[in-house]
Every structure is written in C-alpha cells, then in structure tokens.
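Working notes for the structure below.
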Amino acid sequence: MKKMLSLALAGVMALSLMACSAQNGGDSSKNTSSPSSSQSSEETQNNETPESVTITSLNANKEAAELEVPYDPQRIAILDMASLDILDALGVGDRVVGTASTSLEYLQDYINDDIANLGTIKEADLEAVMACEPDVIFIGGRLASSYDALSEIAPVVYLATDTELGVVESVRQNATTIASMFGLEDKVDELMANFDARITALSEFAAGKTAIVGLVTSGSYNVLGNDGRCSMIGREIGFENIGVDANIDTSTHGNEASFEFIVEKAPDYIFVLDRDAAIGTDGAKLAQEIMENELVMGTDAYKNGNIVYLAHPAVWYTAEGGISALDIMLQDLESELLG
C-alpha cells in the first residue's frame, strides 16, 4: 500500500514538473518570438511601397505644377517621344500599352500589334487612349491643348526641354522626375555619366567660332536662335549664333532667311536640320540640294567643309529631351566636328 502510494505521488510530481516545464517553455517561446514579430512588422511598414508620388510637371498653361501620379505605374500611354526614350533607357518600357506613331529607328520596338496606336505627337486619338486604360499618360508640348481632355482619362505628365537650363540639364531633370515614379532615381546618374565631358570637348572646339543654325523646310532655310530647337549648339556647346537677334522668337520653326543673308553674315559654320526628312514630307528635296546653291557655295563655310547636316534630323526634331536622343545628337556633332 505504501509502495502504491509512493508511486502515485511520484507520478503526480512528474506531471507537475512536466506542466511547469511546458509552461516555462511556452513563455520562453513567446518572449523570443515577440521582438522578431515586432521587428518584422516595423520593417514591413518601413518598406511599404507608396500608392502614389507627387512630381513637378507642366499643366495645360505650360506652367510648373505639382501632380500626383501612381507609384510604379503598370500601364503607360505615350504621346511624347522624349518621354518614351527615357522610359526605355530606365528599363520600364514593358509597361507601355499605347504609343503615338514614330519613325525613330531606335524606338521601333514600341510600334507593333501588341501596343495600341494612340495617334501622333500632334494629335491624340482620345478613344484609343481611353481604351488602353492607362495609369498615366505622357505628352509633349505639341499636345498641350489636349491636356485637360487627356487628364479626364489619367494623370498627364507633361515635360519639356528648358532652353535656359540647357538640354543636358533638362534631360537630367526630366529623367529624374520620371525615375522617381518607379524608384529608379539612382539609375539616372549612371545613364547621364558621360554627357558633361562630351559637351566640354565640343565646347573647346567651338570656342571663338561663329555659326548660323537653321532648319530646311518647304524649300527654304529658317534660322534658329538659342530659344528652341538645336539650342544646344549655341547655348551649351558655345558656337556664337549670329543667325538671329536674341530677342526674336524662333522656338517653333525658326525665321525664314534669304541665302544672301547667309552670305552677308559669313559664319564659320552652318548647321542644317532637315525638317522635311524628319517628318517624312513626301516629294521634298533633300536639305543638301537646297543649301548647296551658288550663293552658299561661295561662302568660306562651304569651301572649308563646314556645313554640318545633322545626320539624324528626326531625333533632333521629335525626341530632343530623351537620353538616347541626346547621345545620338552629340554623336552627330562629334562625327562632324571632332571626328
């Protein structure tokens, strides 16, 4: 009897010890997991991606304004080639669901049956834009008048080249703005790494040299100032642009000039952008046919081989402001001036 009682007591004590051990073990488990759970929750909150970000863009009045856009947008509509250029360079071109038509060779991957045709960079097909259900829409200056209508569909990012800031800095600023929508700001410095040095090399060549810069359109030569297309030649590279008075607005298609005017000004260099080739004008003469007439061929610029026909006019005319476009534009100048 005593033996049985002793065994029973031993069993009760053993069960008590086991229960105590289990309880302590459970508490220990809770104590070690609690900080980990708290830390994990805190990390999740800190690393949580935002639903939207606020950027600075232009509005319908071409004024800088804050704009809330979706963060990391998955469906992008493009009506501006410079913006498409930047998105492509950043590696997010696979988000493009619709784009304006373009003849630019390096962007032809975006012209296919899987990507909706949204019209042109001058005239958007609003129904097509709406049908592709974009999270965000990119436009350029040619579509400023359609800003409000497009904004009814999705937030409209409108970026432009600021000639006073300079093309290179404008590209850097616009690329950073676009990159911030995807958390890719760090990639911009890498993409822009060599441009400043290339500008410096061209600037050293241009020092002390005069130039007339212009575009050929409809058989005439229109001079350009430093306030619009090709402004990089005068502003950043540093040729003295003697083609127009600084106060004259030439930002659209320039101001028509006679060939006698070119002879009178006698520039060291003549730069020519073939607008007809850039936009694919049917039946148009090549810029070289128009420029190399008896008057121009009598200038020192012609005799010294200093008429520079910009080799990629469509890039200069429709994609200025893009990263790849800037590279191509500098190549056009380097091959003629430094090559």
*Express the carbon and sulfur contribution to the solvent-accessible surface of the range 124-172 as a percent, rounded to the nearest whole number, probe 1.4 angstrom.*
44 percent
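Would you mind computing Rg(Cα) / (2.2 N^0.38 Å) for the range 105-215, counting N as its residues?
Details: Rg = 17.9 Å, N = 111, 2.2 N^0.38 = 13.2 Å.
Normalised by 2.2 N^0.38 Å, the Cα Rg of the range 105-215 equals 1.36.
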*Run the accessible area of the range 62-123 with a 1.4 Å probe and give the carbon-and-sulfur part as a rounded percent.*
40 percent
*Would you grab the residues whose amide H sits under 5 Å from the one on SER218? Only those 5+ places off in sequence or on another chain, please, with H modelled 1.01 Å from N.*
ASP276
*Name the residues whose placed amide hydrogens come within less than 5 Å of the amide hydrogen of GLY119, ignoring near sequence neighbours (fewer than 5 apart) on the same chain.*
SER101, ASP125
*How long are the three semi-axes of the equivalent ellipsoid of the range 189-322, in whole Å, if each is the root of 5 times an eigenvalue of the C-alpha gyration tensor, listed from largest down?*
23, 19, 14
*Rounded to the nearest whole Å², what accessible area per residue is found for the range 247-339 with the 1.4 Å probe?*
48 Å²
*Can you tell me which of 273-282, 133-142, 260-269, 62-71 comes out highest on packing, and rank the rest after it, using the mean Cβ neighbours within 10 Å?*
133-142, 273-282, 260-269, 62-71
_Under Karplus coefficients 6.51, -1.76 and 1.60, residue-wise ³J(HN,Hα) of the range 129-146 in Hz, glycine/proline x_ = 4, 5, 5, 7, 6, x, 7, 7, 10, 10, 10, x, x, 5, 10, 4, 5, 9
*Once amide H atoms are built 1.01 Å from N in the peptide plane, which residues 5 or more positions from VAL53, or in another chain, come under 5 Å H to H?*
VAL69, TYR71
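The values are calculated or read from the model by the stated rules, or taken from the named source; none is laboratory data. This one's a predicted model, so the numbers in the text were calculated from it and none came from an experiment. Methodologically, a virtual Cβ is constructed for each residue, glycine included, from the backbone with ideal geometry; neighbour enumeration extends over all protein chains shown. Protein only, heavy atoms only, side chains kept; ligands, DNA and RNA dropped before computing areas. Shrake-Rupley method; radii C 1.70, N 1.55, O 1.52, S 1.80 Å.
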